[in-house]
Amino acid sequence: MSVFTAATAQTLCAQLPVLGSDVTVPLVTGGEVTYAALDYAASAPALQRVWDDVAAYAPYYGSVHRGAGYLSQLSTDLFENARRTVAEFLDCRDGDQVVFTRSTTDSLNLLAAALPADCQVYVFETEHHASLLPWRDARVTYLNAPRTPRQAVETLERALADRTVSNEGGYGPALVCVTGASNVTGELWPVRELAAAAHAHGARIVLDAAQLAPHHPVSVQDLDVDWVAFSGHKLYAPFGSGVLAGRADWLREAEPYLAGGGASRKVSRREDGGVDVEWHENAARHEAGSPNVIGAYSIASACKALTEAGFDNLVAREQYLIEKVREGLAEVPEVRILSLFGDDAPRVGVISFVVDGWNSSHFAAALSAEYGIGVRDGLFCAHPLVRTLLGSDPQTQGECGAPEAAPGEKSLNAIRVSFGAGTPDEHVERFVNAVKELVTDGARWNYRTEDGRCVPDTSA
């Protein structure tokens, strides 16, 4: 039985206004319906507040850090104020740097490029590829998928205790990379406990908060993490911007992520014809080129909007939606929800599942074409995790999102529904009812594979 009622959820916090809430889409069976955007884990719709703030600023858009004119000065102030807003949103420590990047992936690749020599990296195989893959120039230990939060901590502790001693004696630098909330199961990870384990063994930790920050408050100080990375497009803020925030020393000592204007403080010619460069030591060191001021401003606007709405209220209402979806899916015996930590694990609004007898791409295509519901199917750029949860053979999987069997056959991929602060009750209710109807009655339309996707067959 749900602990929240619809009335309670609405009293706590109505969904936040987002763009696209009144967009209608055609149905293959005829007519139109308001689009139910249930793919927040990929990209959340823009908050109306963010869009309005950006629209108000747009006429004043100018170059950042490079001009004496009024618009340039205004844009520079706005960009640097956005940096301070993000630092407050993340409860950063004094001296921490906030670097604006393109995305979570970009942020973690930046950190990977800033690792000290001979750094050892520890990452669970359950991570999104953004966290799993950037560490190509480091010594990487991939940790097996844990089945409980406690097992995650114990696995990390054992791995850190087995660290190899460097040639100079003692342990070299080490970094742990972990997600805050899974982009596949939505389950919350024991970040504070993992950070304590890392620090107890002389390692640092970076938190991939791409799925956590839009749903829960993230405090660098309370979690005691060294860095946090997240993306604007998952935080209701479009325009292709992300954040890497945390300790300054590794970033300050590393070569600039990109070499160019903005990262350099002084450049001079040498007598031998070469150039000498003095790089900035602050965040600008890794922000070469003209920065995405609108992207940074949109992130800051979203941070303010979520803070003002109150995470306690947002979390309570989202929990109500999570329970509504999970209880509805539990009524369908053919549906199996994927989980690492079990049904009682705390989670955000991200739920993946499979349906017996259905290809995941076929099922997702029917939800879209016949009900106007947008979800995601595939391996969600977390291939090892999804394969572990499905118990599937890597050699038989298709690419992320591509169907590996004809419509109607059992899927080796999964379906993901995700939602958040802008999701109305009707969207999750329509989703649950659509799942029940598809499982009971089947699809009302024929589908075919086209360019690796399952689509309605309109040839007849």
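Every read-out reported here was derived from the displayed coordinates using simple, explicitly stated rules and does not represent laboratory data. Small disclaimer: the values here were computed from a predicted structure and weren't measured. No Cβ is skipped: glycine too gets one built from the backbone with ideal geometry, and neighbour counts run over all protein chains shown.
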Legend entry - Other-chain or far-sequence residues with amide H under 5 Å of residue 122's (modelled H): 141, 175, 176, 177
Inset, instruction - Any chance you could give the angle, 0 to 90 degrees and rounded to 10, that helix 104-113 forms with the longest Cα principal axis of the chain? - result: 40 degrees
Inset, instruction - Enter the angle in degrees (range 0 to 90, nearest 10) between the Cα long axis of helix 293-309 and the first principal axis of the Cα atoms of the chain, meaning the one along which they spread out most. - result: 60 degrees
Inset, instruction - May I ask you to compute the full-extension gain from residue 437 to residue 259, defined as 0.36 nm times their residue separation minus their alpha-carbon distance, rounded to one decimal in nm? - result: 58.5 nm
Inset, instruction - Over every pair of different alpha-carbon atoms in the chain, take the mean of 1/r and invert it; report that Kirkwood radius in Å. - result: 23.5 Å
Inset, instruction - Using only Cα atoms, locate the centre of segment 170-224 and the centre of segment 67-115, then give the distance between them in Å, rounded to an integer. - result: 20 Å
Legend entry - Karplus 3J(HN,Hα) series, Hz, for segment 114-120 with 6.51 cos²θ - 1.76 cosθ + 1.60 (x for Gly, Pro): 9, 5, x, 4, 6, 6, 9
Inset, instruction - Could you sort 137-148, 338-349 so that the peptide with the highest average Cβ count within 10 Å comes first and the rest follow in order? - result: 338-349, 137-148
Legend entry - With Cα atoms, 0 to 90° folded angle of helix 48-57 axis to the chain main axis: 40 degrees
Legend entry - Per-residue HN-Hα couplings for segment 435-441 [Karplus 6.51, -1.76, 1.60; θ = phi - 60°; Hz; x = Gly/Pro]: 4, 4, 5, 5, 5, 7, 10
Legend entry - In order through segment 341-351: 3J(HN,Hα) via Karplus (6.51 cos²θ - 1.76 cosθ + 1.60), integer Hz, x for Gly, Pro: 9, x, 5, 8, 5, x, 7, 9, x, 9, 9
Legend entry - Packing rank of 26-34, 244-252, where each peptide gets the mean count of other beta carbons within 10 Å, highest leading: 244-252, 26-34
Inset, instruction - Please name which of 85, 75, 298 has its Cα lying farthest along the dipole of the chain towards the positive end, using unit charges on Cβ (Lys, Arg +1; Asp, Glu -1) and the Cα centre as origin. - result: 75
Legend entry - Positive-end residue of 44, 126, 251, charge dipole of the chain with Cβ unit charges: 251
Inset, instruction - Tally the DSSP beta bridges in the chain and give the antiparallel ones as a percent, rounded to 5. - result: 65 percent
Legend entry - Antiparallel DSSP beta bridges within segment 49-308, percent to nearest 5: 50 percent
Legend entry - Amide H contacts under 5 Å for residue 338, placed H, 5+ residues apart: 352, 353, 354
Legend entry - Ellipsoid semi-axes in whole angstrom, largest first, where each is sqrt(5λ) of the Cα gyration tensor of segment 81-205: 23, 19, 15
Inset, instruction - Assign unit charges at the C-beta atoms only (+1 for Lys and Arg, -1 for Asp and Glu), then state the dipole size of segment 1-154 relative to its Cα centre in Debye, rounded to the nearest 20. - result: 180 debye
Inset, instruction - Would you pull out the residues with amide H under 5 Å of residue 184's amide H, same chain only if 5 or more places away, H placed 1.01 Å from N? - result: none
Legend entry - Burial ranking of peptide ranges 291-303, 185-197 (average Cβ count within 10 Å, highest at the top): 291-303, 185-197
